[in-house]
Amino acid sequence: MPTAEAIAPSLPLLAVEGVTKRFAGVTALSDVSLEVRPGEILGLLGENGAGKSTLLKILSGVMPPSSGRIVFDGVEFNPHNPQDAKRLGIVTIYQELSLIPTLTVAENIFIGRAPLGRFGLVSWRKMEVDSRAIIARVGLDLDPETPVSALSVAEQQLVEIARALSLKSRLIIMDEPTSALTETEVQKLMSIMGRLRKDGVAIMFVTHRLEEASAICDRMTVLRDGRLAGHLDRDGGPIKLPKIIEKMVGRAASELYARPTLRDVAGDVRLSVRGLRTVRDPQAPHAIVLEGIDLDLKAGEILGVAGLVGSGRTELARAIFGADRIAAGTITLDGKTIAPETPADAIALGIGLVPEDRKHQAIFAALGILTNFSVAALGRYSNALGFMAERRERQALASYRKTLSIRMASPEQPIEGLSGGNQQKVILARWLARDPKVLIVDEPTRGVDVGAKAEVHQILVQLAGRGIAIMMISSELPEVLAVSDRIVTMRRGRITGEMPGIEATEEKLMELMALDQTQEATQ
Amino acid sequence: MTSTTEQSQRSGINVARLLMSFGPLMFLALLIVVFTVLKPSFIDPINIFNIMRQISITGLIALGMTFVILTAGIDLSVGSLLAFCGMVAAVVAKGGTANTLSLSTSGAQGYGWFAALLAAVVVGALAGGVQGFAITRLKVPPFVVTLGGLTVFRGLTLTISNGGPISGFDASMRWFGTGLIGPVPVPAIIFAAAAILCHIVLRYTRYGRAVYAVGGNAEAARLSGLRVDRILISVYIIVGFFAGLAAFVLSARLNSSEAVAGIGYELTVISAVVIGGTSLFGGIGSVGGTVVGAALIGVLQNGLQFNNVSSYTQSIVIGLILILAVAFDRWLKSRVRR
Amino acid sequence: MTSTTEQSQRSGINVARLLMSFGPLMFLALLIVVFTVLKPSFIDPINIFNIMRQISITGLIALGMTFVILTAGIDLSVGSLLAFCGMVAAVVAKGGTANTLSLSTSGAQGYGWFAALLAAVVVGALAGGVQGFAITRLKVPPFVVTLGGLTVFRGLTLTISNGGPISGFDASMRWFGTGLIGPVPVPAIIFAAAAILCHIVLRYTRYGRAVYAVGGNAEAARLSGLRVDRILISVYIIVGFFAGLAAFVLSARLNSSEAVAGIGYELTVISAVVIGGTSLFGGIGSVGGTVVGAALIGVLQNGLQFNNVSSYTQSIVIGLILILAVAFDRWLKSRVRR
Amino acid sequence: QDKLTILGSVPSLGFPFFVHMLNQIKAEAQAQGVNLVESDGQNSAPKQTADIEAALVQKVNAIVISPLDVNALAPAIEQAIQAGVPVVTIDRRVDGVEGILAHVGADNVKGGEAEAQAMVAAFPNGAKIFHLQGQPGAGPAIDRNKGVHNVLDPMKDKYQIIFEQTANFARAEALSVTEAGLAANGKPDAIICANDDMALGAVEACAARNFTDVKIYGFDALPEALVAVRDGKLAGTVEQFPGEQSRTAVQIAVAYARDKTEPKEKLVLLTPIVIGKDNLDKAERLGETK
Ligand SMILES: Nc1ncnc2c1ncn2[C@@H]1O[C@H](COP(=O)(O)OP(=O)(O)OP(=O)(O)O)[C@@H](O)[C@H]1O
Ligand SMILES: Nc1ncnc2c1ncn2[C@@H]1O[C@H](COP(=O)(O)OP(=O)(O)OP(=O)(O)O)[C@@H](O)[C@H]1O
Ligand SMILES: [Mg+2]
Ligand SMILES: [Mg+2]
């Protein structure tokens, strides 16, 4: 592999020239040009549906462009499949995770290139040892023999990052690699990216967390509605957020993460959890076991739940929602003890959950947006005989489409054709349509762009204003700080702290999230 | 995006959809034209009604199978269950197994056609329910459960009838197989009515939506509050019900319930569903497609027989055309999407 | 996490794994014990070798089917392809179809066993390749392509042989079906060798791991740079190859190739694979499981026949036990994971 | 163009027996100068029914059919008769249908009886017997089984059926089943099989164990079985004269369709015989053996 010095820094490693991509009826990219040089990190930014992933997929050989030219290392480059790109040293981390769930972590890392031992046969031992080292680089400590299906989204994302980093590469394409990660992992990734940059590797980096982008990117290319909105350069200091946002949305941005104003949330306790404990679930052997969870959630309140990856926040949500079995403890809703055994029970009682793993747990990929929207509220949109009241259903979808500004072609369009952020909005609409008493949102803005993120936050605040009790799990501390009236922190299946949102700071929360880690260290 | 592009998009997609759903239908039309050119009497109403009657048995089961396959399940037991339900219907109609060979159509020794019909569909639905229960509670994959069912029901049928057929039903029962309403055979009417009913259920009811959702993503369906297990059990009850109904019609048509009835039907039925565009991985498909799929198979068989194509060649041609029909459909879809 | 908990967890998981993979095996052992108690001569070496010889035919195909099902595919054509390859082998061995009826084992009119074997496996692999091509290029689902194959190959077989058998091979060919090496039947040895080979390929080669990857998630496999289409085509070639090999052994064993050979084998073969723990949704399974699955079916059939159980009851018992075996396996797995 | 057209329908062309039958129908039709529409019931009553219906639409002048099932084909045949098309049945009769022009056949029950009697003659002092039955539920399987039991059941103490299993008319299954039977029960004196394919499978199983003196009986007198009889591998096979049945049936049907010639007999019954080494020349298809 040529070193950074071997190539004149002015020569671009990759040049995209006037690339256009059309899907049935949709022009996802139109006449986009950009360049990436060796040893630089190029941020690719834009709202949901701007065409970022589409561009990256074209570069990694997943799909051909409708027109335009790509030059890699001075040679015209027409990848027909991902292998063509891989051969040239273009490595991609896809937005929709592309691990193989039935295989182990080790095998996923070594897919297609398992280490060989005697007689040219696969050496499982070597694979395990090597993969343990590889995942350790991104701070992941788990048994490489674990099947990927047992990992949380965040862990999967880390495995995918680790795999990409272990491949020989000249250009690494990262499509929202941090969307499910917490600060700690993000920091680790940033430092690795810094090292790669020094080694002359070029990186294309997509994120909706603009602070991240601002902190690490050397340059940025911004897309808007599939067109090039402009390039931004680092002039000595990092690129400022308002500048990015202006390019992305085409107008000046207001302050995004407003601190919560002190709202009057003196509602009654709506949901109360006492002594909640879960046991190891055979279906999810890796899951964190909850222990002694006490929690109150008031009507009209937004409770933020912060924690590191694997702290058990998702388990808590699932346990309350009846998706996982509870070993001990009581849950009361509006003063009455409830024991939801299935999500259906919980939903009937007025609890909703937006799960963290959109692809596997929330969307019906091949089904239309309309069906995806109304599935949790079929009773609401049907008559006594069980017939769907489609007109009402469509009207409702149309109104959410407007309030959430969902970008879609038609209610019949399969949801898989939407960008990730727009999918997330449809899922939110699904629960809004049920008008729940308690709404639990697990990473509600994962993969959602800044503008929409602010909209989602606003929606959450509005819902709370209507008396709905909201529990928001998020790995993005700024987000937690921005919308929570009250914040609890979790660590290894226990609640480690609680404070009003007004008083919280990132530092204080981080301390509580890592609490017993420091204790352990001192022991 | 401006509203005009949005509009054009929508209409674009609608035309696409329309054409797509016409994939197998276009192929069916083509076949009919070809056979008619080869031999004009092919489209005699008599022959068309023959074909309708012929496809009604497997067609009825295919309707139920559509529900099952929409949930990403499968039912291999339908052929055996058909035989079993048919035998039960015969026993009820004749009032016992003793008179297996008497063809005396006079003898009203049994409990009449209504009881026979009821017995067939209830037994079918129950058998389906038991299989659905094993699938959801014992967590045994549908393929295994219904493969087990395939041999169990056949064994039960043979045990009931001691291997022989039970024949000779009264005229009121036979009407369901051989009767006409106007010029239209009764089995064809039953099939059409059932198809319309199934279409309405799948397309316009809550339950239908739930079936699609469970097939599209069972975990997401569960987390959206659907009672996935109940829905799964229900689809096996539905296919069992239709196997029972088909058994009744078949027995009425042949004036006999045979222990060897329905052997290999599972494959014919599943092909009708799959050729009709329903995905074996669940969530995608329609009743209309299944009807077209069943008609395609029926027309193909009848048309080849009609042209006196040798039986061996028939096999070869049918196999190739089934593959071609689906390939054509895929090709059309990929064109339209582009 | 402290290192002790981690260690205990890991060993816990290993014990779990071990026990899990023993689910069907434990059931098999149980069956053998029961049958031996019922009639001790069941475990006479003669009978054990009988069983081994009996399962070798469907077992060989099941090995190939394991590859196919691991990719989330299916091959329904294997029974017909077996008949087709067997007929081809017979034509080559006898030098034509003319002498379909002579049983004279002297006649070395043909091209000898090696040419026959070669013809069978090459034709099988080619046929599989063509089907794989239709699946990947025409984008027709495996179920439809191989269902088409099922009727096409049967039609071709009947056409070649005009419905009749071709019989009477020379001793060197017959050895592959009836010979012994020491006390062990040759078909059993062929099966065992093929199973070991397949196990090594699937577990210890990059190709094998790629098969699992494609089945686990084809799209992810493609994104990871695997040539998904080639791998898919290859598994159909493999199952075709094994259908050819099984056809050769079967013809050698029966001293005859019949046009009606292998009817319904697809279901037996697929059950062996599925009972052995391979998921029809791909990505999960093993050759060891398939061998146990095939043995389970073989022992069950032989044991019931051994006890002269009536064929009606046999059907019922076999169906129930297949379901129970898998239910037991699932139950064990859910317990062990806890 | 006023050449007559007849339908020739057999239960399943998967079995050599019926292939022969259809071939004979074809040959006779050619000899008579009539067109033949061929039909393969594919072992399915609805399929054979559908074929008859299609033929009626095409206005065939007569139907020669070996019905898959004595009951289930009755409605279709009734329909043909009502449409004024003469029907001649071969081999198997249909029950309860009035107006069939003629039936030419050999009774499967009688055949089963003949088979068992041949065995009894070979073992006057009694025997231990394996019995391989046909596909459960299939008409010929039921009838042949009945015939065998008609003869043997009254002599239960002398002639014991110690092992009775179905092998579905298939050679490979017969081989496996016989192997299991031999392992479980040791060597029998005789094996009675419901068709030749199964008999030939049983031959292989016995040969593998060197039980060459077991007397094995088949059914259908297929050429391959005749060779085995000649070579002493099979003790006998039941001949039902399917060729003669078929040709006679075609002659009757064509004569009636041409000029309404009523058949001399409405019921032509050929007596099944057991072909052994000594009467091989009686076998219809001896000429096909080499
Ligand atoms: N396979 C497809 N078929 C049809 N339309 C598609 C397809 N893939 C993407 N699109 C459309 O192309 C546009 C761009 O999508 P893309 O996924 O590139 O957006 P993105 O910038 O990555 O958004 P996000 O930030 O939400 O991930 C969207 O309007 C989307 O609906
Ligand atoms: N549905 C699931 N199936 C299997 N394992 C799961 C599932 N959900 C969570 N886990 C496991 O539970 C562990 C804890 O993850 P969990 O999602 O509860 O943490 P969290 O605090 O929500 O953090 P994050 O969501 O950021 O991972 C993970 O190691 C993961 O392996
Ligand atoms: Mg994207
Ligand atoms: Mg989580």
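General observations
- Simple spin-label estimate for D:ASP231 and A:MET63 in nanometres, 7 Å along Cα-Cβ: 6.5
- Shortest-first nm distances, C:ALA171 label point to equivalent points in other copies (7 Å, Cα→Cβ): 7.2
- Taking amide H positions as modeled 1.01 Å from N, with prolines and chain starts lacking one, the residues under 5 Å from A:LEU14 and 5 or more places away or on another chain are A:VAL36, A:ASP73.
- D:ALA207-B:ALA192 pseudo-label distance in nm [points 7 Å out on the Cα-to-Cβ vector]: 5.9
- Length gained on full extension, A:VAL289 to A:ARG87, computed as 0.36 nm times the residue gap minus the Cα-Cα distance: 68.4 nm.
- Listed from fewest to most Cβ neighbours within 10 Å, the set D:HIS149, A:HIS231, D:HIS131, A:HIS80 follows the order A:HIS80, A:HIS231, D:HIS149, D:HIS131.
- The calculated FRET efficiency for B:PHE114 paired with A:ALA348, based on their beta-carbon distance and R0 = 51 Å, is about 0.80.
- Residue-averaged beta-carbon neighbours from other chains (10 angstrom radius) around A:102-113: 5
- Mean partner shielding of peptide A:335-343, defined as the number of other chain Cβ atoms within 10 Å of each residue Cβ, is 2.
- Here chain B is treated with +1 on each Lys and Arg Cβ and -1 on each Asp and Glu Cβ, and its dipole about the Cα centre works out to around 780 debye.
- C-alpha long axis of helix C:311-337 to longest principal axis of chain C, angle in °: 30
- Inter-chain neighbour count for D:216-224: the average number of beta-carbon atoms from partner chains within 10 Å of each residue's beta-carbon is 2.
- Cα-centre dipole for the protein assembly as shown with unit charges at Cβ (Lys and Arg positive, Asp and Glu negative), debye to 20: 1480
- Distance between the pseudo-spin-label points of A:GLU211 and A:ALA24 (7 Å out from Cα toward the beta carbon): 4.2 nm.
- 0 to 90° range, to nearest 10: angle between helix B:287-306 axis and chain B longest Cα axis: 60
- Within the range D:162-205, backbone nitrogen closer than 16 Å to the virtual label 7 Å beyond the Cα of C:SER41 toward Cβ: D:162-165, D:177-191
- With a Förster radius of 22 Å applied to the C-beta separation of D:ASN150 and B:THR159, the computed FRET efficiency comes to 0.50.
- With contacts taken as Cα pairs under 8 Å and at least 6 residues apart, chain C reaches a relative contact order of 33 percent.
- Calculated on alpha-carbon atoms, Rg and Dmax of the protein assembly as shown in Å: 35.5, 115
- Surface/4 of the Cα convex hull for the range B:20-337, nm²: 17.1
- Ascending list, in nanometres, of distances separating the C:ILE200 label from those of the other copies (7 Å, Cα toward Cβ): 6.4
- The fraction of Cα-Cα pairs per 10 angstrom bin, counted from 0 for chain D, comes to 7, 29, 32, 20, 10, 3, 0 percent, rounded to whole percents.
- Counting only aspartates and glutamates at least 8 places from A:LYS402 when in the same chain, those with an alpha carbon closer than 16 Å to its own are A:GLU393, A:GLU455, B:GLU6.
- Of the trypsin sites (Lys or Arg not before Pro) found in the range A:409-484, those that fall in a DSSP loop while having at most 13 other beta-carbon atoms within 10 Å are A:ARG466.
- For the range A:96-167, the calculated P(r), taken from all Cα-Cα distances in 10 Å bins from zero up to the bin holding the longest distance, is 22, 58, 18, 2 percent.
- For chain A, the mean projected area of the C-alpha convex hull, equal to one quarter of the hull surface, is 26.7 nm².
- Exposed-loop-free span, longest in chain B, where chymotrypsin sites (Phe, Trp or Tyr not before Pro) count as exposed if DSSP calls them loop and at most 16 other C-beta atoms lie within 10 Å: B:112-280
- The C-alpha atoms of chain B define a longest principal axis, and helix B:186-204 lies at about 40 degrees to it.
- Calculated FRET value between C:TRP331 and A:THR184, using beta carbons and R₀ = 45 Å, to 0.05: 0.65
- Computed from phi, the 3J(HN,Hα) profile of the range D:101-114 under the Karplus parametrisation 6.51, -1.76, 1.60 (θ = phi - 60°) reads 4, 6, 10, 10, x, 10, 6, 5, 5, 4, x, x, 5, 4 Hz, with x in place of Gly and Pro.
- Percentage relative contact order, the range A:358-434, counting C-alpha pairs under 8 Å, at least six apart: 45
- Among D:ALA122, C:ALA127, A:TRP431 - extreme Cα towards positive end, dipole of the protein assembly as shown, charges at beta-carbon: A:TRP431
- Residues whose amide H falls under 5 Å from that of B:GLY276, counting only those 5 or more places apart or on a different chain, are B:GLY293, with hydrogens built in the peptide plane.
- √(5λ) per eigenvalue of the Cα gyration tensor, the range A:420-465, largest first, Å: 17, 12, 9
- Taking amide H as placed 1.01 Å from N in the peptide plane, the amide H of A:LEU116 sits under 5 Å from that of A:SER123, each at least 5 places away or on another chain.
- Other copies of C:THR36: label-to-label distances in nm, shortest first, labels 7 Å along the beta-carbon direction: 7.0
- Listed by Cβ neighbour count within 10 Å, with the fewest neighbours leading, C:LEU118, A:LEU477 appear as C:LEU118, A:LEU477.
Computed from the coordinates by the stated procedures, all read-outs in this text should not be read as laboratory data. Not measured: the values here are computed from a predicted model. Using ideal geometry, Cβ is built from the backbone for each residue, glycine included, and neighbour counts are taken over all protein chains shown.
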